[in-house]
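For reference, the structure discussed in these notes is given below.
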C-alpha cells in the first residue's frame with residue numbers, strides 16, 4: 001500500500017474491522033444516576049488500589065490504578081480487571097475509553113473497548129468533575145492466543161485523537177500500561193503451505209478459467225479465513241496457482257453479492273473497496289517483498305517493499321489480468337453473484353526479491369487477501385490470518401512450494417507440502 005495507508009487499509013478498516021483499533025460508538029445513556037452505573041460512580045477514591053499508576057491524561061482524567069484477579073491465564077480464559085479513574089475536568093463531547101490487548105512484542109491483537117457497564121452506559125463524555133469511576137472489565141484471552149504474554153493498555157480517544165499521559169509511569173504515551181498476564185499454554189500456530197505445480201502449457205488469460213484444461217492440475221486454495229480471528233470467512237474465495245519458467249499464474253473466484261470498485265487508475269487505493277491482494281516474499285524470508293492487487297474492474301496496484309512497509313510504488317509488476325463479472329459493477333440495485341480474475345505475473349519483474357525463476361522445491365513466503373465491500377461494512381479474509389490489523393504481518397505468511405519443474409525428480413510432484421509453524425515468540 002501507499003505508506004500512509006498501512007494500519008490496515010486506511011480509515012475504513014480501522015473503523016469497521018480492526019480489532020486493535022478504537023471502536024467509536026455512543027454510550028447508551030447519559031444519566032449518571034441510572035441503576036446500571038450509579039454503583040460504579042463514587043465521591044471518593046478507593047481506600048486501596050492494588051496497582052497504583054497515577055497517570056495524568058491531559059490534566060483532565062487521572063488513571064489512579066487498577067486491580068486484577070489473576071496473573072496467569074490460558075487461551076480462552078477471562079481476566080477481571082477494575083480500572084480506577086478520577087475526573088479532574090470534564091473531558092467533553094465525544095470522548096471514549098479504549099482497552100487494547102497486546103502481545104509480548106507490543107502489538108495490538110484485539111480491543112475490548114466495549115466490555116463492561118461503564119463502557120456501555122457511561123462513557124467519559126458524560127463524566128463530571130469530582131467523580132471517581134470504577135471501570136470493571138471482564139476480558140477474554142482469545143482461544144487462539146499464541147504469545148507467552150498478554151498485556152492490557154487503556155486510555156481515552158475521540159476519533160483519531162487520544163489523550164496524552166502527562167505524568168506517571170507512561171509519561172508521553174497515549175495509553176497506560178495495565179496488567180501483564182502470563183499465558184500458561186500458548187497455542188502453537190500452524191501456517192498453511194501448498195505445492196504449486198509446474199505446467200508446460202500456459203493458460204489463456206481471459207477471465208474464464210473454470211472450463212480451461214490448463215488449470216485442471218493447479219494448486220487449490222479454498223479455505224479463506226477472517227483476518228483477525230482465523231474463523232471461516234463469511235464469503236467464499238477460491239485461488240488457483242501454477243507456474244512455468246516465465247510466469248506465476250493465479251486464478252481467483254470470489255463470491256460477492258455487491259460488486260463495488262470505482263477506481264479506474266493504476267496504483268489507486270483499491271483496498272477501500274472490492275479487491276484481491278497477493279503478498280509475495282521470495283528469497284530471504286521477512287526481508288524484501290512484493291504487494292500486488294487487482295479489482296473487479298481489472299485495475300492493478302503493485303509495489304516493491306525493500307523492507308517492512310517501505311513501499312516503492314514506482315515499481316511495475318507487469319501483471320496481466322483479465323476479469324469476468326457475474327453481475328454489474330457499482331450498481332446497488334443489481335443482482336450480483338461474484339467475480340473472477342485470471343492473472344499472469346512475470347518472474348522477471350521479481351528479480352529484486354531473489355533469483356528468478358524459482359528453482360524446483362524452492363519455498364516462498366506468501367499470503368493472499370480479499371477485501372469485500374458490502375452494503376454494511378467491509379469484510380476481510382485471508383489464506384493465512386494475520387491475527388492482527390496488519391496485512392503486512394510477514395511472520396504470518398503461508399508458504400508456496402514450487403514443484404514439478406523440468407529438473408525436478410518424479411517424486412517431487414507427489415510430495416505433500418508440510419505445514420509451516422509460526423516462529424515462537426521469546427519470553
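Side notes on the structure shown:
- Restricting 203, 197 to those that are in a loop (DSSP other than H, G, I, E, B), more than 23 Å from the chain's Cα centre (by Cα), surrounded by 14 or more Cβ atoms within 10 Å (Cβ to Cβ) and assigned by TED's automatic domain parsing to the domain that holds residue 338 reduces the list to 203.
- Tally, over the stretch 333-371, of residues that are under 25 Å from residue 226 (Cβ atoms) and either surrounded by fewer than 18 Cβ atoms within 10 Å (Cβ to Cβ) or touching a helix residue (DSSP H, G or I) at 6+ places or on another chain (Cβ under 6 Å) (or both): 2
- Residue that is in contact (Cβ under 8 Å) with a residue 24 or more places away in the chain, under 22 Å from residue 162 (Cβ atoms) and not in a strand (DSSP E or B), where the choices are 115, 110, 55: 115
- Residue, nearest to the chain's Cα centre (by Cα), within the stretch 218-234, restricted to residues that are farther than 18 Å from residue 278 by Cβ and surrounded by 14 or more Cβ atoms within 10 Å (Cβ to Cβ): 228
- Considered as a group, the residues in the stretch 171-189 that are part of a loop (DSSP other than H, G, I, E, B) and at pLDDT 95 or above include one that is nearest to residue 68 (Cα to Cα), and that residue is 175.
- Residue pairs meeting the criteria (Cβ under 8 Å; at least 6 apart or on separate chains; first assigned by TED's automatic domain parsing to the domain that holds residue 46 and at positive phi, in the stretch 120-134; second surrounded by fewer than 18 Cβ atoms within 10 Å (Cβ to Cβ) and outside any helix (DSSP H, G or I)): 130/43
- The single condition among (1) at pLDDT below 90; (2) in a loop (DSSP other than H, G, I, E, B) that residue 384 does not meet is (1).
- Taken together, the criteria exclude residue 261 from residues that are assigned by TED's automatic domain parsing to the domain that holds residue 381, part of a strand (DSSP E or B) and either more than 30 Å from residue 200 (Cβ to Cβ) or in contact with a helix residue (DSSP H, G or I) (Cβ under 7 Å, 6 or more places away or on another chain) (or both).
- A single member of 152, 156 is in a strand (DSSP E or B), at pLDDT 95 or above and within 22 Å of the chain's Cα centre (by Cα), and it is 152.
- Residue within the stretch 91-98 that is outside the structural domain of residue 394 (by TED's automatic domain parsing), part of a strand (DSSP E or B), surrounded by fewer than 17 Cβ atoms within 10 Å (Cβ to Cβ) and touching a strand residue (DSSP E or B) at 6+ places or on another chain (Cβ under 6 Å) present: no
- Of the residues making up the stretch 270-288, those that are surrounded by fewer than 18 Cβ atoms within 10 Å (Cβ to Cβ) and either outside any loop (DSSP other than H, G, I, E, B) or touching a helix residue (DSSP H, G or I) at 6+ places or on another chain (Cβ under 8 Å) (or both) are 285, 286.
- Residue under evaluation residue 228, criteria (1) outside the structural domain of residue 378 (by TED's automatic domain parsing); (2) in contact (Cβ under 8 Å) with a residue 24 or more places away in the chain, criterion not met: (1)
- Any hit, the stretch 74-81, residues being surrounded by fewer than 16 Cβ atoms within 10 Å (Cβ to Cβ), modelled with pLDDT under 95, in a helix (DSSP H, G or I) and within 26 Å of the chain's Cα centre (by Cα): no
- The sole residue among 87, 62, 23 that is in the same structural domain as residue 177 (by TED's automatic domain parsing) and modelled with pLDDT under 95 is 23.
- Residue pairs whose Cβ atoms lie under 7 Å apart, sitting 6 or more positions apart in sequence or on different chains, and linking a residue in the stretch 250-274 that is closer than 20 Å to residue 333 by Cα to a partner that is part of a helix (DSSP H, G or I), are 261/270; 263/270.
- Boolean, residue 243 is in the same structural domain as residue 360 (by TED's automatic domain parsing), crowded, with 23+ Cβ neighbours inside 10 Å and in contact with a strand residue (DSSP E or B) (Cβ under 8 Å, 6 or more places away or on another chain): yes
The values are calculated or read from the model by the stated rules, or taken from the named source; none is laboratory data. Note that the structure is a prediction, hence the values are computed from the model and not measured. No Cβ is skipped: glycine too gets one built from the backbone with ideal geometry, and neighbour counts run over all protein chains shown.
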